Amino acid sequence: MKNFKQHIILALFGFQVAMAITSCKKVETEPRDWIQADLVWDDQDKNGTVAGFFLNSVYNYIPGGFNRIDGDFLDAASGDAIPSRNNTQVEYFTNGRISTLNNPDPYWGNSYYGIRAANIFLANINVVPIAALTKQYWRAEARYIRALLYFELLKRYGGVPLIGDKVFTLEDNLEIPRNTFTECMNYIISECDAVKDSLRLETGANYTTSDWGRIPKGAAIALKCRAYLYAASPLYNGGGVESNGTLKNLTGYPTADASRWQKVIDAAVELNALNYYQLQPVYNNVFLTNKNTEVILSKQAAVNTGIETTNAPSGYGAPALSNGRTSPTADLVNAFTMRNGLPITDAASGYNPAAPYANRDLRLDYTIFYNGVNWLNRGVQTYEGGLDKPGGTTIQTRTGYYMRKFMGNFATNSTYTNQSHNFILFRYAEIILNYAEALNEVGRTEDAVKQIILLRTRAGITAGANTRYGIPTGISADDMRILIRNERRVELAFEEHRFWDIRRWKIAPSVLNGTLSGTRITKNANNTFTYENVPAVTSIFTNKLYHMPVPYAETTKNSQLLQNEGW
C-alpha cells in the first residue's frame, strides 16, 4: 500500500498546483474543484499518471472514523461512551443541540463533493490511453465510491437527489428534489452489482500488496449486504416515524416486507462464496495488521501513534503523552459477558462485583482500559485520586474507563511506536453478524446460533458442556435477537456501528433517554478497591433524531429539498 499512499500525497500536491494556477484569476468562471483538463485527461499519458492521482483524490472522500467528530468518536453519542472533555460537539447528539445550522456530522457536502469528483473521473477517463484492465478497475472503483457515498447520505438523511453521471456547471438548474428511499436504495444496490465483477478479485494476481487499500470485489458485496441490512431493519422497513406520507417515503419503505431479510442472507452467502475472507485468530490483530483476510475495505493511512496519544489514559506523560479523549460507559463494559458466555446479570455466570473484570470476554481487554490493567509498565489508575483520574480540571475519564481498542500492544513499553491504524469500513465479522441477524429474523434461529459461535470462539468464550458458548439451548427468536444485538455491540464497538444500529432497530429512545452510567472506584486502606455504579451523564433522544436535518444552507439554495420531519 506504500505506493498508494504516495499517490494520495502526490494527488494532493497536484491539486494544490492546479489551484495555484487558477488562483490568479479575478473572477471565478469555473467550479472551485476545476483543474486544467488537458493536464489530467492527457491522451498521450499511456500510464495515466495524473488521472491516477485524480482517482486517489476521490478515495479521500471515503469516510474515516477515528476521533472524527471534533476530536471524538461518533460512538460517544451512542450510549457506549461519552467525551472526556465537557461541552464537545459530539454531545449535541445527546443534549438536544442539533439543528439545521448546528450538526457536527455535516456529511452532505463531503458526499456530494466526492460524488462530483467521481463523475468527473468517469466522464473523462476514457480519453487516457491506459491499459484496458486498469481502466476497468479504475472506473469500477470510482463507481463504488460514489455508491458508498450515497449510502452514507441515505443512512443519515433518507432519500437524497440522485444525479447519475451528471457533472453540473454553473449554468445548470440545481433545483433538484430528493429521490425516495426506495429509489436511492435501488441505485446503490444496482451499482454494487454492476461493478463487482469489474473490481479486483481478492485472490487474483492483480490484487497484490502494493494494491492493498484498493477496492476489491468483496467490498461491493459487503456494501450491498449492509445496505440490505438497513433496508430490512425496523426503522426503514415500513417503520418510519413520520406523520407525513411524503416524508415517510423519503426516509424508508412505506410498508414493511419481512422478505427483505432474505436479501441480507443472499448477500452474505455471496461474499462467503469468494472463499477468501475469514476471522483472524486474535481479535486485536485485525486492527494492527495492515493486510489480513478479515479486512474487506479500510481507509488507508501512514503508520502513526494517533490513536494512542489521543485516547490512552491521560495520566501518562512524556515520552508517551496521552490525552484520554474517550470515556466508555459502564453500560458498554457491562455488556461484555463472562468467559463462559453468560451475561454478568445471570446468577450462574460467576460474576464477582468485587473483581468485576476477572474472567470476562477477552474482547473487553482489547476494547477498554479499566482500573489495574497494565499499560506502559504500570497499572492504569482510574480510581478516585489515581494518576488517571486525579480530579480537578485535567481532562480525564468521566466514567472510570478509557478506550483501548485499535491500540498497539504497549503493556510493557516505555513509549509508543508507529502502528498501522487504518479505519476499517467493512470486515468479515460484520458480515457474520449481518448474516446471523437476518437468519434469526427469517426463523432460522439455530443457523444464527452457529454464526455467533464463530465470533465467541475467537473471543475466548468457553464452549461449555453443551458446546453452545453460553447460548441457551432452545433459545427463542426474540431472545436471540437481544443476544445478537449485544454481540454486535461488543464486537464492533467504536467502529461507527452502534450509533446507527440503535436507530435502525428503533431502540434509541430506550438506550439514550435517561442516565448513562460510569463506575466510581475507591481505593481502600488494604489496597483493595470498591466499585460503585454511578450516573455519568443524562442523555436525551427525540424521534426527529432518527434522521439528520438537511443542512439549512442546502435548503436555501435548493427550494425543492424537503426537510426531514421535526427540523
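Summary table
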item: All positions within the range 185-201 that are among the charged types (D, E, K, R) and either touching a residue at least 60 places away in the same chain (Cβ under 8 Å) or closer than 18 Å to Glu430 by Cβ (or both); result: Lys196, Arg200
item: Candidate set: the range 46-97, residues that are of a type in the set (D, E, K, R) and not in a loop (DSSP other than H, G, I, E, B); chosen: the one farthest from Thr134 (Cα to Cα); result: Glu91
item: Yes/no for Thr182 being of a type in the set (Ser, Thr, Tyr), assigned to a loop (DSSP other than H, G, I, E, B) and surrounded by fewer than 23 Cβ atoms within 10 Å (Cβ to Cβ); result: no
item: Elements of type helices (runs of 4 or more DSSP H) contained in the range 452-515, each with 2 or more residues being without any contact (Cβ under 8 Å) to a residue 60 or more places away in the chain; result: 477-491, 508-512
item: Condition check for Val160: surrounded by fewer than 20 Cβ atoms within 10 Å (Cβ to Cβ) and free of Cβ contacts under 8 Å to residues at least 60 places away in the same chain; result: no
item: Leading residue by the ranking (farthest from Tyr157 (Cα to Cα)) among those in the range 252-281 that are over 22 Å from the mean Cα position of the chain (by Cα) and among the polar types (S, T, N, Q); result: Asn275
item: Residues (more than 22 Å from Gly79 (Cα to Cα) and polar (S, T, N, Q)) located in the range 304-342; result: Asn304, Thr305, Thr309, Ser322, Asn340
item: Hits in the range 79-114 (condition: surrounded by 16 or more Cβ atoms within 10 Å (Cβ to Cβ), out of contact with any Ser or Thr (no Cβ under 9 Å at 6 or more places or on another chain) and among the polar types (S, T, N, Q)); result: Thr88, Gln89, Asn103, Asn110, Ser111
item: Subset tally (residues that are in contact (Cβ under 8 Å) with a residue 40 or more places away in the chain and under 23 Å from Asn56 (Cβ atoms)) for the range 202-251; result: 16
item: Search result, residues across the range 409-455 that are in contact with a strand residue (DSSP E or B) (Cβ under 7 Å, 6 or more places away or on another chain) and small (Gly, Ala, Ser); result: Ala411
item: Hits in the range 213-229 (condition: closer than 20 Å to Gly158 by Cβ and either surrounded by fewer than 24 Cβ atoms within 10 Å (Cβ to Cβ) or touching a strand residue (DSSP E or B) at 6+ places or on another chain (Cβ under 8 Å) (or both)); result: Leu223, Arg226
item: Qualifying helices (runs of 4 or more DSSP H) (wholly inside the range 195-303; at least 1 residues being touching a helix residue (DSSP H, G or I) at 6+ places or on another chain (Cβ under 9 Å) and under 30 Å from Phe181 (Cβ atoms)); result: 217-232, 245-251, 260-272
item: Answer from Phe529, Phe541 - the residue that is under 25 Å from Asp72 (Cβ atoms), touching a residue at least 12 places away in the same chain (Cβ under 8 Å) and of a type in the set (A, V, I, L, M, F, W, C); result: Phe541
item: Any chance Thr345 is of a type in the set (Val, Ile, Thr) and either in contact (Cβ under 8 Å) with a residue 40 or more places away in the chain or in contact with a Ser or Thr (Cβ under 6 Å, 6 or more places away or on another chain) (or both); result: no
item: Filter result for Ile471 (among the aliphatic types (A, V, I, L, M), under 27 Å from the mean Cα position of the chain (by Cα) and under 19 Å from Arg360 (Cα atoms)); result: no
item: Subset of the range 350-408 (residues that are surrounded by 14 or more Cβ atoms within 10 Å (Cβ to Cβ) and hydroxyl-bearing (Ser, Thr, Tyr)); result: Tyr351, Tyr357, Tyr366, Thr367, Tyr370, Thr382, Tyr383, Thr397, Thr399, Tyr401, Tyr402
item: Matching option when the condition is at pLDDT 95 or above, farther than 30 Å from Thr522 by Cα and basic (Lys, Arg), among Arg404, Arg398, Arg427, Arg378; result: Arg427
item: Test: Pro161 is outside the structural domain of Pro551 (by TED's automatic domain parsing), over 27 Å from Ile507 (Cβ atoms) and over 23 Å from the mean Cα position of the chain (by Cα); result: yes
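The values are calculated or read from the model by the stated rules, or taken from the named source; none is laboratory data. The structure displayed is predicted, hence computed values, not measured ones. Because the Cβ atoms are built from the backbone with ideal geometry, glycine has one as well, and the counts that use them run over all protein chains shown.
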